1. May I ask you to derive the relative contact order of the range 1-103, considering only C-alpha pairs under 8 Å and at least 6 residues apart, and to give it as an integer percent?
2. Work out how much length THR62 to GLU30 would gain on full extension: take 0.36 nm times their residue separation and subtract the Cα-Cα distance, in nm to one decimal.
3. Mind giving me the FRET efficiency for GLN13 and ASN91? R0 is 25 Å, r the Cβ-Cβ distance, nearest 0.05 is fine.
4. Calculate the FRET efficiency for ALA69 and ARG49 from the Cβ-Cβ distance with a Förster distance of 41 Å, rounded to the nearest 0.05.
5. What ranking, highest mean first, results for peptides 58-67, 8-17 when packing means the other Cβ atoms within 10 Å averaged over each residue?
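The numbers here are math on the coordinates, done by the rules we state, and not lab data. For clarity, every value in this text was computed on a predicted model and none was experimentally measured. Note: ideal-geometry Cβ built from the backbone for every residue, glycine included; neighbour counts use all protein chains shown.
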Amino acid sequence: MQSPTFTTSLDTQIEEAFGRPITALHRDIEIPDVRRVLETRALLAVAERHLDQIRGHLHTATAPGRNCAEMAAEDLTVDAEWLAAAGRWRNHHAQVITSLLRAVPSESRSTRDRTAGVTAAVSPPARASTGAIPRR
């Protein structure tokens, strides 16, 4: 498991649910409910970083003073589709984490000797109606 270098929008809720900071939770990776939350958190971090990159690209492309003749409508359409897909992926992982946190038994939150695991199934989000994700 990767180190918790990147923060996510749900770190506070994860820390509150387990009563320890993310860095301390990484020491409890052998515990099933902690492992599942941290694995999904890693995917959420990637999705949120990707979403930020796409937003930055769109902001740069549409910045005030930018020559509109330089903007290709197709490029903006692809970026908008990427933004929508990344947003759906981010929301999916956030929902999975929220579900996992709700399913964590209260005794698992307060003790390091956890035996109960979360058995929530993690499935990818439904595909967009536009078909495959466009390539850059």
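1. The value is 35 percent.
2. Values: separation 32, 0.36 × 32 = 11.52 nm, distance 4.65 nm.
Computed gain between THR62 and GLU30 is 6.9 nm.
3. Values: r = 15 Å, r/R0 = 0.59.
Computed FRET efficiency for GLN13 and ASN91: 0.95.
4. 0.85
5. Result, highest mean Cβ count within 10 Å first: 8-17, 58-67.
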